[in-house]
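A quick write-up on the structure given underneath.
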Amino acid sequence: MDATGTPRRAADAVVNRTPGGTDEHDTVVVGGGQAGLTIGAELVRQGRDVVILDAYERIGQAWRRRWDSLRLNTPAKYDGLPGMAMGEDRFAFPTKDEFADYLERYAAAGALPVRTGARVVALDPVDGRYVLETADGRRFRAANVVIATGAHQVPRRPSFADRLAPEIVSLHSDEYRNPGQLAPGRVLVVGFGNSASEIAFDVSRSHETWISGRPTAELPFRHGRAAARFGFPVVRFIGLYVATASTPLGRRMLARMQGRAELLIRVRRRELAAAGVHMVPRTTGIEGGRPVVDGTVLDVANVIWCTGFDEDFGWVHLPAFEGGRRPRHDHGAVDGAPGVYLLGQHLLQSEGSGTLVGVGRDARWIARRIAAAPAAVTSADAVATALRTPA
């Protein structure tokens, strides 16, 4: 707040800048989605000097750019970030645009210091602190860095995807918005996770559709308002308090979950069959420019690759992130990199770490860890101390 008690906008936040043009902060948060805003709010409440760097030009844009019919799988009761409810109907399932707008309101209500259009391209250790550089050449230095970029970073396609015939429309789920992007004719959706099943269901309204992959486990009850009232509380409890890194049983559960396919939630095999979607085995290659499924060449006009995403830490120039891989960590605190944390990614503290349900608890743990660390000293503080200290 300013001197009159009026909340200060993010753009009005005080900036400490060294003569070389580097912004000085106690903590830099990379990513302005739900994870970044949550930890930002926790640190602001502590009175810490924090800045949130978001690659997009608008808060919530990562959600807005996803396919048009997308709704959250969890009810609004569990979608709100700490301190602000998500809508009045607690058992409704918000659209992706409703949730994106909510994130904007959350940032505004908390006067969170978000810098949009700030895509971080490098993080380096310099003189006991961390220096981050954005694509437009801005530099930020901090004692703490929270990497809250999420799991959906680099779209993944199979190695044979580029051998599709050029006349076939080929889209990754990251590019798919609606059936209007597709050519007339059959559609093959490659993959059998939640994105694949929901996109196949969406496309089936206008195109003959195949979904290719190995079916995974499914939510044991029908998705909807009744599930929001009675089923999701049980799932939430298991995800937050049973499958957790804090107990031997929880650690064994998390180890078994590593690499497993996700649980089908909203659109299951029953719903796909009712919509007329053909379910076939995995796509194993390309022959004559056409996809091959179980030894059969499919004559399709469109392929949508719902084949997931790879994590990308190549911009983090720290030994713990060697090879661009996810580092070893303790509840998100990166081993061998004091002051660097992961947030909003799968299986950090619990099975719910990568979800809206779990991000608040993970953020509180990191905020307490930062608060317990020795107080950071900025360059401005060091200069002031030197001027006060006799030679």
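The values are calculated or read from the model by the stated rules, or taken from the named source; none is laboratory data. Since we're looking at a predicted model, the values are computed, not measured. Glycine also receives a Cβ, built like all others from the backbone with ideal geometry; neighbour counts cover every protein chain displayed. For the accessible areas, the whole protein counts, side chains as well, though only heavy atoms, and no ligand, DNA or RNA atoms are used. Shrake-Rupley method; radii C 1.70, N 1.55, O 1.52, S 1.80 Å.
For the peptides 171-181, 321-331, 68-78, 51-61, the ranking by mean Cβ contacts within 10 Å, running from highest to lowest, is 51-61, 68-78, 171-181, 321-331. Each residue, D312 and A109, gets one label point 7 Å from its Cα in the Cβ direction; the gap between the two is 3.3 nm.
Working out 0.36 nm times the residue gap between R325 and E218, then minus their Cα-Cα distance, what length gain in nm do you get to one decimal? Don't jump to the answer; show the numbers that get you there.
Details: separation 107, 0.36 × 107 = 38.52 nm, distance 2.95 nm.
Between R325 and E218, full extension yields an extra 35.6 nm.
Go through 272-283, 356-367 and give me the packing order, highest mean Cβ count within 10 Å leading.
Working: 272-283: 15.9, 356-367: 22.2.
Per-residue mean Cβ counts within 10 Å order the peptides as 356-367, 272-283.
The phi-based Karplus calculation (6.51 cos²θ - 1.76 cosθ + 1.60; θ = phi - 60°) puts the 3J(HN,Hα) values of segment 268-285 at 9, 4, 4, 5, 5, 4, 5, 7, x, 6, 7, 9, 10, x, 5, 7, 10, x Hz, whole numbers, x for Gly and Pro. Here the simple spin-label model places points 7 Å from the Cα toward Cβ, and for R138 and S159 these points are separated by 4.1 nm.
Suppose R0 equals 25 Å. What FRET efficiency, 1/(1 + (r/R0)^6) with r the Cβ-Cβ distance, do D335 and V121 give to the nearest 0.05?
Numbers: r = 24 Å, r/R0 = 0.96.
Efficiency for this residue pair is about 0.55.
Solvent-accessible surface (1.4 Å probe) assigned to D202 amounts to roughly 20 Å². Counted residue by residue at 0.36 nm each, then reduced by the alpha carbon distance between them, the extension gain from E175 to A275 reaches 33.7 nm.
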